[in-house]
Amino acid sequence: MNLIVAVDANWAIGNKNQLLVRIPNDMKQFRQMTTGKVVVLGRKTLETFPQGLPLKNRTNIILSGNKDYRVKDAVVVHSVEELFEELKQYPAEDVYVIGGDSVYKQLLPYCNVAHVTKIDHAYEADSFFPNLDQDPAWEITADSEEQVYFDITYQFVKYERKS
């Protein structure tokens, strides 16, 4: 299972249920990697999408503790166990965890690849991703050249869990 996330210099991922910054090239990479695949996300993350609707051209699986929660054109599961039962029908390499922080924290132990957009700036934030640079279970296996969007420098970094 994969995950995909954009983090700032402090591994922050959001503030007040919003992304810290929108970088077109990051969004493009996200679309390229997840289109035609399975995305796993939480209810709050879904609510940040345009009109709160599931992402097009993907299988959207929403993890929510609310047993009555329903979403048109998405599968809703209510526990990690139920999620894994649902995911049995898909190849693990086609599954992308896309947030938010509680979903990342619950599913990080089950992910083998992390696609991280590292933004060289510290934003005001209230949600964070675990720092993979400080986790001995993870190693960087690929990274892009540093890129710039206006005054923001960032790079794409691929982490893989050590076997």
Fill in the blank from the handout: Over region 55-70, the set of residues under 20 Å from residue 102 (Cα atoms) and surrounded by fewer than 17 Cβ atoms within 10 Å (Cβ to Cβ) is 65, 66, 67, 68, 69, 70
Problem - Top-ranked residue of region 28-62 - restricted to ones that are in contact with a strand residue (DSSP E or B) (Cβ under 9 Å, 6 or more places away or on another chain) and assigned to a helix (DSSP H, G or I), ranked as nearest to residue 150 (Cα to Cα) - result: 29
Exercise for the section: Give region 74-100 a look and list any residue that's open to solvent by 40 Å² or more (accessible area, probe 1.4 Å) and either more than 15 Å from residue 42 (Cα to Cα) or part of a helix (DSSP H, G or I) (or both), or say none. Expected result: 81, 82, 84, 85, 86, 88, 89, 90, 91, 92, 93, 94
Exercise for the section: Considering every residue within region 140-158, establish whether at least one is part of a loop (DSSP other than H, G, I, E, B), modelled with pLDDT of 95 or more and surrounded by 17 or more Cβ atoms within 10 Å (Cβ to Cβ). Expected result: no
Handout entry: Any hit, region 5-16, residues being within 17 Å of the chain's Cα centre (by Cα), assigned to a loop (DSSP other than H, G, I, E, B) and among the acidic types (Asp, Glu)
Key = yes
Practice task
Run residue 124 past the list (1) surrounded by 14 or more Cβ atoms within 10 Å (Cβ to Cβ); (2) in a loop (DSSP other than H, G, I, E, B); (3) over 13 Å from the mean Cα position of the chain (by Cα) and report the number of the one that doesn't hold.
Solution key: (1)
Handout entry: Pair list, Cβ under 8 Å, 6 or more apart: region 128-149 residue acidic (Asp, Glu), other residue part of a loop (DSSP other than H, G, I, E, B)
Key = 139/162; 146/120
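Give the residues of region 37-54 that are open to solvent by 30 Å² or more (accessible area, probe 1.4 Å) and either among the hydroxyl-bearing types (Ser, Thr, Tyr) or within 19 Å of residue 1 (Cβ to Cβ) (or both), sorted by residue number. Working first, answer last.
Applying the first criterion (open to solvent by 30 Å² or more (accessible area, probe 1.4 Å)) to region 37-54 yields 37, 43-44, 47-51, 53.
The answer is 37, 48.
The values are calculated or read from the model by the stated rules, or taken from the named source; none is laboratory data. All figures in this text were calculated on a predicted structure; none of them were measured in a lab. Please note: Cβ atoms are built from the backbone with ideal geometry, for glycine as well, and neighbour counts cover all protein chains shown. Ligands, DNA and RNA are excluded from the accessible area calculation, which covers all protein heavy atoms including side chains. Shrake-Rupley method; radii C 1.70, N 1.55, O 1.52, S 1.80 Å.
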